[in-house]
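Report on the structure given below.
Each reported figure results from applying straightforward, stated rules to the coordinates on display, with no laboratory input. Treat the numbers as computed from the prediction; the structure is a model and nothing was measured. Every residue, glycine among them, receives a Cβ derived from its backbone with ideal geometry; neighbour counts consider all protein chains shown.
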Amino acid sequence: MSGFVAFLEEKFVPIAAKIGGQKHLLAIRDAFAGLMPLVLVGSMAVLLNNVFFVPWSLLAGFIGGEHPFIVWANTNLAPLFSIMDSGTLSILALGLVFSVGYNRAMYEKQDALSTSLINVAAFILLGALSRNNPDVASWVGNFLAAQGIFVALIVGLITPEIYFWVVRKNWVIKMPDSVPPAVSRGFSAVIPGFIAVFVWALVAYLFNVLAGASIFTWFETTIAGSLMSLGQNIFSIVLVSTLIPLLWFFGLHGANMLEAFMSPVYGTLGLMNIELYKNGITTVGSGANELAVWVRGSWDAYVFAGGSGATIALIIAILVASKRKQDREIAKLALPPGIFMINEPILFGLPVVLNPIYFIPFILVQPVLTLVAYFATVAGIAGPIVNSVPWTTPPVLNAFLATNGSIGAAFISLINIVIAFFIFLPFVYIANKQKD
């Protein structure tokens, strides 16, 4: 085992670290992180509606959709929170294209504001404000939300490269030193901005002439479906679930490193689920107007119990079976943050990182829990993820709220903790035999 770990440490870790530090992937990761205020504010508004105020809410399931409170709340309160949604979740693609440009400019030490605004200009001129697809979410009339995220990423990454290339060529308008810096920066951005916007205007023109549609419509009808189908493939999901703890074992933040892939694919699916459920769609499947089985929140609800590697189960196993005083003390200290999905104390305090004893269970537990939750959702035992809740929400409660009150989801989340406990338990007994 130690030889295998040494091999991975020598061959795998440097490659993974290099990929994780790639500047464009970092920009994507940080751009999605920067959208968290919009996501959480909008998610809370949707969550309140889905739990309390609309006829298909959790509360309505107990007291009836015709109850006077539900009728009153649906008329007076639900529209208020829907307005909040229109300014948060409904403009995430627009926010993303700005955020990607901002982060790319910050990494390259360029003018972040001008770069971000040019990104937004390019995104809008490509046709983001016009959408008419009766087959997919016919109630959405633009690409400013989840429907436009993939194009937002493409525009967000390419536009700064054009902009920076022109700046490095020194094709800029230079103003005298007496001109205020804000004005000077504005003039400096004119030529790079014009060239970048012109390139995308040419792209928009060619798509309209040759494809008879905007790049958004073309992408939605030809590519986006395939990417989403790939995201729902159980092998892709299990692969992600395996890579996260594998990277963590070597001290690399697995979830953060894979976020550049998880957020565009699974985060987008999660936002689409919220939008679909908000409009009364409850069927789970792979169709255009069906809820996705697995989204970004599925890992938080079913797999990351206590953090990556389901370490809340390891903490419980140590408290139940460990005879090592130092391990028990660390577990006691790690339990409170673990309840709120923060597991660095146990990962680095025990440690789990680079600990050959816990290599097998730590890598194995997430794929197993993923398979259980995936097939439970497919079978209808657990409800699909239709709300976005903060990742620090404790296990079981997370699944209950994220599925809008699915008892089956809470049960599967609890069962997964039990399964993880029994996966870790034999290795806690093995650790008991080690000398301090």
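Please compute the net charge surrounding Val172, taking Lys and Arg as +1 and Asp and Glu as -1 over other residues with Cβ under 12 Å from its Cβ. Could the numbers behind the result be given before it?
Values: positive: Arg168, Lys169, Lys174, Arg185; negative: Asp111.
Net of charged neighbours comes to +3.
Can you compute log10 of I(q)/I(0) for the stretch 243-432 with the Debye formula, treating each Cα as one identical point scatterer, at q = 0.08, 0.18 Å⁻¹?
-0.25, -1.12
In whole angstrom, how far apart do the alpha carbon centroids of the stretch 140-160 and the stretch 46-91 sit?
Taking the Cα centre of the stretch 46-91 as reference, the centre of the stretch 140-160 is 29 Å away.
Would you mind checking Lys18/Lys278; Lys18/Lys433; Lys23/Lys169; Lys18/Lys325; Lys18/Lys174 for any pair whose Cα atoms are more than 31 angstrom apart?
Where the Cα-Cα span goes over 31 Å, the pairs concerned are Lys18/Lys278; Lys18/Lys433; Lys18/Lys325; Lys18/Lys174.
With the crude spin-label approximation of a point 7 Å out along Cα→Cβ, what separation in nm comes out for Leu210 versus Val378?
Between Leu210 and Val378, the simple spin-label model gives 3.9 nm.
Set the Förster radius R0 to 45 Å, insert the Cβ-Cβ distance between Leu364 and Arg168 as r into 1/(1 + (r/R0)^6), and round the FRET efficiency to 0.05.
Step by step, r from the Cβ atoms, then E = 0.40.
Determine which residues of the stretch 20-59 fall in the zone a paramagnetic label at Leu77 would reach in this model, i.e. backbone nitrogen under 17 Å from the point 7 Å along Cα→Cβ.
Within reach of a label on Leu77: 43-59.
Calculate, in nm to one decimal, what Asn133 and Ser236 gain on full extension: separation in residues at 0.36 nm each, minus their alpha carbon distance.
Residue separation times 0.36 nm, minus the Cα-Cα distance, leaves 34.2 nm.
Would you please give the residues with an amide H less than 5 Å from that of Leu291, counting only those at least 5 places away or on a separate chain, with H modeled from the backbone geometry?
Close amide H contacts, sequence-distant or interchain: Thr283, Val284, Gly285.
From the phi angles alone, apply the Karplus equation (6.51, -1.76, 1.60; θ = phi - 60°) to the stretch 161-169 and give each ³J(HN,Hα) in whole Hz, x where the residue is Gly or Pro.
5, 5, 4, 5, 4, 5, 4, 5, 6
Can you compute the charge dipole magnitude of the chain about its Cα centre, using +1 on each Lys and Arg Cβ and -1 on each Asp and Glu Cβ, nothing else charged? Give it in debye, rounded to the nearest 20.
Dipole size: approximately 860 debye.
So how long is each side of the stretch 150-193 along the principal axes, counting just the alpha-carbon atoms, biggest first, in Å?
Cα extents, longest axis first: 42, 20, 11 Å.
Using the basic label-point model (7 angstrom from Cα toward the beta carbon), what is the Lys23 to Ile195 distance in nanometres?
Going by the 7 Å Cα→Cβ label model, 1.7 nm.
In terms of the ratio Rg/(2.2 N^0.38 Å) built on C-alpha atoms, what value belongs to the chain?
Taking N as the residue count of the chain, the ratio is 1.09.
Using every Cα-Cα pair within the stretch 206-335, state what percent have a distance larger than 25 Å.
Beyond 25 Å sits 44 percent of the P(r) for the stretch 206-335.
Trypsin sites (Lys or Arg not before Pro) within the stretch 298-338: which are DSSP loop residues with at most 12 other Cβ atoms inside 10 Å? Kindly include the intermediate steps, with their values, before the conclusion.
Numbers: sites: Lys323, Arg324, Lys325, Arg328, Lys332; in loops: Lys323, Arg324.
Those that pass, being in a loop and sparsely packed, are Lys323.
Can you give me the Kirkwood hydrodynamic radius for the stretch 95-232, using every pair of distinct Cα atoms, in Å to one decimal?
So the Kirkwood estimate lands at 16.0 Å.
Please list, in order along the stretch 386-401, the HN-Hα scalar couplings obtained from phi with the Karplus expression 6.51 cos²θ - 1.76 cosθ + 1.60 (θ = phi - 60°), rounded to whole Hz, x for Gly and Pro.
Here the 3J(HN,Hα) series is 10, 10, 10, 10, x, 5, 7, 5, x, x, 6, 4, 4, 5, 4, 6 Hz.
Could you give P(r) for the stretch 351-436, binned at 5 Å from zero, as whole percent values over all Cα-Cα pairs?
Taking all Cα pairs of the stretch 351-436, the binned fractions are 3, 14, 20, 19, 15, 11, 9, 5, 2, 1 percent.
By how many nm would the segment from Ser178 to His67 grow when fully extended, if each residue of separation counts as 0.36 nm and the alpha-carbon distance is taken off? Could the numbers behind the result be given before it?
Numbers: separation 111, 0.36 × 111 = 39.96 nm, distance 6.85 nm.
Gain in length upon complete extension: 33.1 nm.
Please tell me the relative contact order of the chain in percent, rounded to the nearest whole number, where contacts are Cα pairs under 8 Å and at least six residues apart. Before the final figure, lay out each step's value.
Values: 650 pairs, mean separation 66.2, N = 436.
Normalised by residue count, the contact order of the chain is 15 percent.
Hey, got the Cα dimensions of the stretch 338-379 along the principal axes, in Å, largest first?
The principal-axis extents, from largest down, are 39, 25, 8 Å.
Could you calculate the FRET efficiency of Leu354 with Val320 from 1/(1 + (r/R0)^6), where r is the beta carbon distance between them and R0 is 22 Å, rounded to 0.05? Could you put the intermediate results ahead of the total?
Numbers: r = 24 Å, r/R0 = 1.11.
Computed FRET efficiency for Leu354 and Val320 comes out at 0.35.
For the stretch 388-432, what does the equivalent ellipsoid look like in terms of its semi-axes, each the square root of 5 times an eigenvalue of the Cα gyration tensor, given largest first in whole Å? Provide the component values of the computation, followed by the final result.
On the way: eigenvalues 150, 27, 4 Å².
Computed over the stretch 388-432, the values are 27, 12, 5 Å.
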